[in-house]
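Read through the structure below, which is laid out as structure tokens, and then see the notes.
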Amino acid sequence: MTTPSHPSRSDTPTKGAFPSWSAPAGEIVGRRDGAVLRAGGIRYARAARFAPPVAEAPVERIDATGPSPACPQPRVEFLEEVLGLVPGELPFDEDCLRLSVTVPADLGGDETLPVMVMIHGGSYVSGAGDLEIYDPAVLVVEQRVVVVRVTYRLGLLGYLGDGATRPANLGLLDQIEALRWVRANIAAFGGDPSEVTLFGQSAGGDAIAHLMIAEGADGLFRRAIIQSPPIGVMPGRSAMTDAMMRVAQSLTIETDIDDVLSAQPSVEPSIARHGIAAGMPFGVQYGHHPLPAEEDLDAAWREAAQRVDVLIGSTDREASLFLGKALGDRALSPWLAPFVQRVGQALTDRIYGNGILDFAERHHRAGGRGQRYLITWGVSGNPYAGAHTIELPLLQGRLETWWGADLIEGVDPDDFERSGRRLRQVFADFARTGDVGVISEPGLIEVRELPSR
């Protein structure tokens, strides 16, 4: 991999309440928050609706004292309850191509840290980089890394186009522009642009897997932590996407954003007609810039294997998130338990496990470095133990942030702290070295060398 050239830090950022960094993008003014310094809401690109992003030109001064806004999105009340999200926590704005940077407040002027860039999940229709549940302060201070959180376009605004009248993969193109910004500017924050690791869960993990093979992303990152990517629902989606696009054609750049959001559910197809893929209808589109055609995917990932170290994996009961939603406490009923377990395992394997195994084996056969993990943590007696998203509270955020979330109801604070510290160490060690070896810690995480079937 070619190491990008980058500017050196000219000085140590101001240590007062409003630290500043001299970067190619401009003089970035952030804020102090206890043991970390934050620079938020930094615009990395601009984009008209349904148009590709255009990199933000350098300016004299950037006010980075607030968070990035979220891409406009419909409410997902189930996720609000499970993850403890606060409705309206972040303002909505189509001008959402922003990122945030968090660094240790005691970073020395001659210290250079590995960089971890988070791509948030949410089925490509919900979420935002600067949600409180993704607060990286503990990870940054404890593991001495620089963390960048990226916000990008979602749903109809970011992941539905025919490639002719409307570009496809706009959200993915947004992420590439964000990574270009990181390469050009992160040295000013004490980050090493040649040691960039992407990490993201669910749709975020899926995006990272596809950034490995996206035109224009080569050389922008060295390692990838791919968490619970829904690989099993990604192939064979073109007919479904074409049908969605026909319904969405009436939405234009003049359509009021509230009308766009109101129309999104009507664009989404039914599972009865399009199968399990309709459970996550928005996503990347193959054969449209910057991705290869579907029949060329294997070759593209094989070619990328030697450029990017990979840590890929899942939780042991991914589907219990969705079964818990459908069944609630009944999911724990003794007479339902065998059925729930069988269905849950089948769905976990179909959507996540089998595709992850195939991805890991292909990466190894092509000469790539990496490991595969399985997270087994959860709260005993909670229907979401081991579920999809279960690692998020451990990796980012604080216990007080997650305290009201159904996902960890009944958690032991000591176990939360102990397990979180260990998982953060594993992920940060991978960002530092690309190799965490074999780990066996029942009740938290298993890590195996590739191949791992």
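Rule-based calculations on the coordinates, nothing more; no lab input. Since this is a predicted model, take the numbers as computed values, not measurements. Backbone-built Cβ (ideal geometry, glycine too); neighbour counts: all protein chains shown.
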query = With labels modelled as points extended 7 Å from the Cα through the Cβ direction, what inter-label distance (nm, one decimal) is found for GLU441 paired with ARG421?
reply = 1.0 nm
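Test of understanding: ordering HIS289, HIS274, HIS388 by Cβ neighbours within 10 Å, fewest first, what list do you get?
HIS289, HIS274, HIS388
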message = At R0 = 30 Å, how high is the FRET efficiency between GLU361 and ARG75 if r is their beta carbon distance? Nearest 0.05 is fine.
response = 0.15
request  = Could you please state, rounded to a whole Å, how far the C-alpha centre of the range 217-250 is from the C-alpha centre of the range 276-305?
outcome  = 6 Å
message = Starting from 0.36 nm per residue, how many nanometres of slack lie between ASP162 and ASP93 once their C-alpha separation is accounted for?
response = 22.4 nm
note = For GLY386, the residues 5 or more places away or on another chain with a placed amide H closer than 5 Å to its own amide H are GLY378, VAL379
task = Whole Å is fine, so just give me how far the alpha carbon centre of the range 147-214 lies from that of the range 34-68.
result = 14 Å
inquiry  = Let me check against my output: what whole-number percent is the relative contact order of the range 20-449, with C-alpha pairs under 8 Å and at least 6 apart?
reply    = 16 percent
inquiry  = Neighbour counts of other C-beta atoms within 10 Å: give me THR348, THR376 arranged from fewest to most.
reply    = THR376, THR348
query = Based on the inverse mean of 1/r over its pairs of different Cα atoms, what is the Kirkwood hydrodynamic radius of the range 20-449, in Å?
reply = 21.7 Å
query = Using a simple spin-label model with points 7 Å from Cα along the Cα→Cβ vector, what separation in nm is obtained for LEU374 and HIS289?
reply = 4.3 nm
Residue-wise HN-Hα coupling along the range 45-51, computed from phi with Karplus coefficients 6.51, -1.76, 1.60 (Hz; x: Gly, Pro) = 7, 10, 7, 6, 4, 6, 10
query = Using alpha-carbon pairs under 8 Å, 6+ residues apart, how would you state the relative contact order of the range 144-194 in percent?
reply = 30 percent
Computed [θ] at 222 nm, helices only, for the chain once each DSSP H run of length n ≥ 4 contributes -39500 (n - 2.57) = -8500 deg cm²/dmol
ask   = Each label point is 7 Å from the Cα along the Cα-to-Cβ direction; what then is the distance between the points at THR433 and THR255, in nm?
value = 5.1 nm
request  = Express in whole angstrom the spacing between the alpha-carbon centres of the range 412-447 and the range 88-117.
outcome  = 23 Å
